[in-house]
Amino acid sequence: MQNWLDYILTWDQVDPARNSFEWDEDEKAQVLLLAKEVLPVRYPGQEPREVQYRSEALLNALFVGRYGLWARHWRWGVGEGGGGGIVWSWCCAPHSVTTPDETTARAVAALLEWREWLEELADRFAELAPPPDADAEARSWHVERAAVRLVTLVVDRTNAECGWYGLCKVTLFWFLMSTGMNDTEAAAAVLDAVGGRFASWTTPKPAVVDTVGERLAVALTGRLPYRDHREHSDLEELHDRS
């Protein structure tokens, strides 16, 4: 678990409410110009992929230095090339680094996609958070409902492609942190609840998602969610479409 925590940012580090981001046409023009300036020149003897990966690393350094740590995952692309994220504008260095104009345009678009995802999550977390005065049973229901809806959201945005469950675990981790849990407790709860129940290229069945939500709720509250008022996800429809 510690290795996982070493890699993943905390919710405080990515929460849009704590990490401002001002964007307009002037900022866009300036960042595109800076991005082109940091792209390396290829020297004789260098392999094309060396230049591509170096370009990606330099763009990442620019974004993180200018906007903060939240920008670090701008290249978390959908599918195998991107590691199972939600970004469509950027796949991976070998496929996304081409001409300076194309490369910088893709990178900036990917950065904006990632920011939009964080802002969407912040809104979802606020909507799904248990009320402060909720008792254990009500809190259990809210946690389970949040888990089911957030898993559904990630499945929909990633098409359940390669590695999608990694983003799913991070999303649940951030949700728990947004409710006040510390990173160690949140990570342990998520990793135990998800376990090996999700797989690449596989839309999870509703019963599997319900199990993950229930395990998370019971681990955090010690109570089963009350069944007669449970809300179910749209995963049956997603599964039928897959």
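The values are calculated or read from the model by the stated rules, or taken from the named source; none is laboratory data. For clarity, every value in this text was computed on a predicted model and none was experimentally measured. So basically every Cβ, Gly included, is an ideal-geometry build from the backbone, and we count neighbours across all protein chains shown. In case anyone asks, the SASA skips ligands and DNA or RNA and just uses the protein heavy atoms, side chains included. Shrake-Rupley method; radii C 1.70, N 1.55, O 1.52, S 1.80 Å.
Would you call residue 17 loosely packed, with under 15 Cβ neighbours inside 10 Å, closer than 24 Å to residue 125 by Cα, among the small types (Gly, Ala, Ser) and out of contact with any Cys (no Cβ under 7 Å at 6 or more places or on another chain)? Here the answer is yes, as residue 17 does meet what is asked.
Looking at 114, 90, just one residue is free of Cβ contacts under 8 Å to residues at least 60 places away in the same chain and part of a loop (DSSP other than H, G, I, E, B), and that residue is 90. Quick check on the stretch 103-114: of everything there that is surrounded by fewer than 19 Cβ atoms within 10 Å (Cβ to Cβ) and of a type in the set (Gly, Ala, Ser), which residue is nearest to residue 11 (Cα to Cα)? Ranking the qualifying residues of the stretch 103-114, first place goes to 109.
On the basis of being more than 21 Å from residue 170 (Cα to Cα), open to solvent by 70 Å² or more (accessible area, probe 1.4 Å) and either among the acidic types (Asp, Glu) or not in a strand (DSSP E or B) (or both), does residue 75 make the cut? No; evaluated as a whole, the condition is false for this residue.
Among the helices (runs of 4 or more DSSP H) confined to the stretch 131-242, the ones with at least 1 residues that are crowded, with 16+ Cβ neighbours inside 10 Å and modelled with pLDDT of 95 or more are located at 136-158, 164-178, 183-194, 206-221.
Each row is one residue, and each column tells you yes or no for (1) of a type in the set (Gly, Ala, Ser); (2) within 14 Å of the chain's Cα centre (by Cα).
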| residue | (1), (2) |
| --- | --- |
| 13 | no, yes |
| 18 | no, no |
| 31 | no, no |
| 37 | no, no |
| 57 | yes, no |
| 64 | no, no |
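Here residue 19 meets each of (1) outside any loop (DSSP other than H, G, I, E, B); (2) at pLDDT 95 or above with one exception, condition (1). Mind checking which residues of the stretch 24-61 are in a loop (DSSP other than H, G, I, E, B), open to solvent by 60 Å² or more (accessible area, probe 1.4 Å) and modelled with pLDDT under 95? Within the stretch 24-61, 41, 42, 43, 44, 45, 47 qualify.
Do you know which of the residues in the stretch 115-130 that are within 16 Å of the chain's Cα centre (by Cα) and among the charged types (D, E, K, R) is most open to solvent (accessible area, probe 1.4 Å)? Among them, the one singled out is 116.
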